[in-house]
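Novice: Below you'll find the structure I mean.
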Amino acid sequence: MSFAIRCRRLALALLVLAGVARPGDAAADDYPTRIITLVVPFAAGGPSDVIARLLAHSMSQTLGQQVIVENVAGAGGTIGAARVARTAPDGYTLLIHHLALTAAPSLYSNLSYDTRTAFTPLGLINTGPMVLVGRKTLAAQTAQELVAYFKREGDKITMAHAGVGSNAHLCAILLSQAIGLKQVYVPYNGTGPAMNDIVTGQVDALCDQSTTAVPQIVSGTVRGYIVTSATPIDAIKEVATAPAAGLPEFDMAIWHGLYAPKDTPPAVVAKLNKALAIALADSLVIERFKAVGTTPFPPSEWSPEAHKTRFLAEIDRWGGLLKTAGVTPATAR
Ligand code: MLT
């Protein structure tokens, strides 16, 4: 240990004794000194995994320690979230999650953590629409034909999703409401494996984030039908927007955020937030996001406070939306 570090630790110890600093601040001051694990609560190859790996690459360079991605998938992202909620708040285990984290309390009656208090928001990442895709062998060629086909075939349609409360599941619920469809749900641990089964024609349709839907549509392995927003995605301009498909209420924008367990020291939060901000300003990240139709949040929303405000508001919003839709832990399955 260098002389400077020893002096800093001694000064901190004196501040702790004087009640000015808290134990643990010395560790926070040196942070990070070892590998950081970023938990992705969905399968590899899906949109959360893609975003996590892009960030991990940039954040590793900024923090001077490797940020490794670990996929802890299952139960709509709640297994990975529970794992992070249980870990020490030392900045070495982080969570990337999206709006499903905020919908879960309305859809799971057995969560092992209190969503409102279990996490320290570190900063918002990206936001963007979803895209309804289908296997290439579906008879429908256009959005209008697909809606007519879905209405005609009713409960014969198989709709893949990434677990109860995942974006793909919430999007499928909104689609059901918009067109009065009663499809058969086929749950996966993430939209990565779900998309593989669309490509091979095992299931009919999937509502996926643009991040992983766009590359498949562009390479022609699946058919893109509807973008869940009023604005088209540049890379797939030919795919109808929800209003153009006659479904203006089929409107859903996802968002990802970065989290640590509750009680993470402020000095660690500040370092991670700064590394995240550098990643979001990285031209490679911006370019990759743009190519797949997703957008980094603007700098005015990069602070942990802005993230916390959105996070708490989204818990209330999804609680209200799901209640109005009559979706409960019992009916969601
Ligand atoms: C994933 O990475 O598989 C997705 O984020 C799952 C989802 O649709 O929520």
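The values are calculated or read from the model by the stated rules, or taken from the named source; none is laboratory data. Values in this document were obtained by computation on a predicted structure and should not be read as measured data. Note that each Cβ is placed from the backbone with ideal geometry, even for glycine, and that neighbours are counted across all protein chains shown.
Novice: How about the stretch 278-333: which of its residues are surrounded by fewer than 19 Cβ atoms within 10 Å (Cβ to Cβ), among the β-branched types (Val, Ile, Thr) and closer than 30 Å to Leu63 by Cα?
Specialist: Within the stretch 278-333, Ile278, Ile286, Thr295, Thr309 meet the criteria.
Novice: Show the residue pairs that are 6+ apart or on different chains and have beta-carbon atoms under 8 Å apart, the first residue being within the stretch 36-54 and under 16 Å from Lys290 (Cα atoms) and modelled with pLDDT of 95 or more, the second being within 8 Å of the ligand (Cβ to nearest atom) and aromatic (Phe, Trp, Tyr).
Specialist: Sorted first by the residue in the stretch 36-54, then by its partner, the pairs are Ser48/Phe42.
Novice: Determine which member of the set Gln209, Gln177 is within 13 Å of the ligand (Cβ to nearest atom) and not assigned by TED's automatic domain parsing to the domain that holds Ile315.
Specialist: Checking each option against the conditions leaves just Gln209.
Novice: Among the residues of the stretch 35-57, write down those that are over 17 Å from Ile79 (Cα atoms), part of a loop (DSSP other than H, G, I, E, B) and within 13 Å of the ligand (Cβ to nearest atom).
Specialist: Residue satisfying the conditions is Gly45 alone.
Novice: Sticking with this one: Specify which of the listed residues (Thr328, Thr295) is within 30 Å of Gly64 (Cα to Cα) and either more than 16 Å from the chain's Cα centre (by Cα) or assigned by TED's automatic domain parsing to the domain that holds Gly64 (or both).
Specialist: Just a single option satisfies the conditions, and that option is Thr295.
Novice: Separate question: Anything in the stretch 201-254 that is among the charged types (D, E, K, R), closer than 16 Å to Lys290 by Cβ and in contact with a helix residue (DSSP H, G or I) (Cβ under 8 Å, 6 or more places away or on another chain)? List them, or say none.
Specialist: Once the filter is applied, which keeps residues that are among the charged types (D, E, K, R), closer than 16 Å to Lys290 by Cβ and in contact with a helix residue (DSSP H, G or I) (Cβ under 8 Å, 6 or more places away or on another chain), the stretch 201-254 yields only Asp234.
Novice: A follow-up question, please. For the stretch 125-163, name all the residues that are under 30 Å from Phe311 (Cβ atoms) and out of contact with any strand residue (DSSP E or B) (no Cβ under 7 Å at 6 or more places or on another chain).
Specialist: Across the stretch 125-163, the qualifying residue is only Ala162.
Novice: Something else: If Ala172 satisfies all but one of (1) modelled with pLDDT of 95 or more; (2) within 10 Å of the ligand (Cβ to nearest atom); (3) under 17 Å from Met252 (Cβ atoms); (4) aliphatic (A, V, I, L, M), what's the number of the condition it fails?
Specialist: (1)
Novice: Quick one: in the stretch 184-206, which of the residues that are more than 16 Å from the ligand (Cβ to nearest atom) and of a type outside the set (A, V, I, L, M, F, W, C) is surrounded by the fewest Cβ atoms within 10 Å (Cβ to Cβ)?
Specialist: The qualifying residue surrounded by the fewest Cβ atoms within 10 Å (Cβ to Cβ) is Thr200.
Novice: While we're looking at this one, here's another question. What pairs come up if the first residue lies in the stretch 161-188 and is over 24 Å from Gly45 (Cβ atoms), the second is of a type in the set (Lys, Arg) and away from the ligand (no atom under 13 Å from the Cβ), and their beta carbons are under 9 Å apart, counting only those six or more places apart or on different chains?
Specialist: Going by the 9 Å Cβ cut-off, the qualifying pairs are Ser176/Lys182; Ile179/Lys151; Gly180/Lys151; Leu181/Lys151.
Novice: Continuing with the same structure: Considering each of Leu138, Leu122, Leu146 in turn, give the residue that is buried (at least 22 other Cβ atoms within 10 Å of the Cβ), away from the ligand (no atom under 16 Å from the Cβ) and outside the structural domain of Val269 (by TED's automatic domain parsing). Talk me through it step by step, then tell me what you get.
Specialist: Values: Leu138 fails: buried (at least 22 other Cβ atoms within 10 Å of the Cβ); Leu122 fails: outside the structural domain of Val269 (by TED's automatic domain parsing).
Step by step, each of Leu138, Leu122, Leu146 is checked, and only Leu146 is buried (at least 22 other Cβ atoms within 10 Å of the Cβ), away from the ligand (no atom under 16 Å from the Cβ) and outside the structural domain of Val269 (by TED's automatic domain parsing).
Novice: Okay, moving on. Could you say which residue among Asp90, Asp114 is without any contact (Cβ under 8 Å) to a residue 12 or more places away in the chain and more than 24 Å from Leu247 (Cβ to Cβ)? Write out each step before concluding.
Specialist: Values: Asp90 fails: without any contact (Cβ under 8 Å) to a residue 12 or more places away in the chain.
Being without any contact (Cβ under 8 Å) to a residue 12 or more places away in the chain and more than 24 Å from Leu247 (Cβ to Cβ) holds for just one of Asp90, Asp114, which is Asp114.
Novice: Would you mind telling me which numbered condition in (1) assigned to a helix (DSSP H, G or I); (2) over 19 Å from Asn126 (Cβ atoms) Thr328 fails?
Specialist: It is condition (1) that Thr328 fails.
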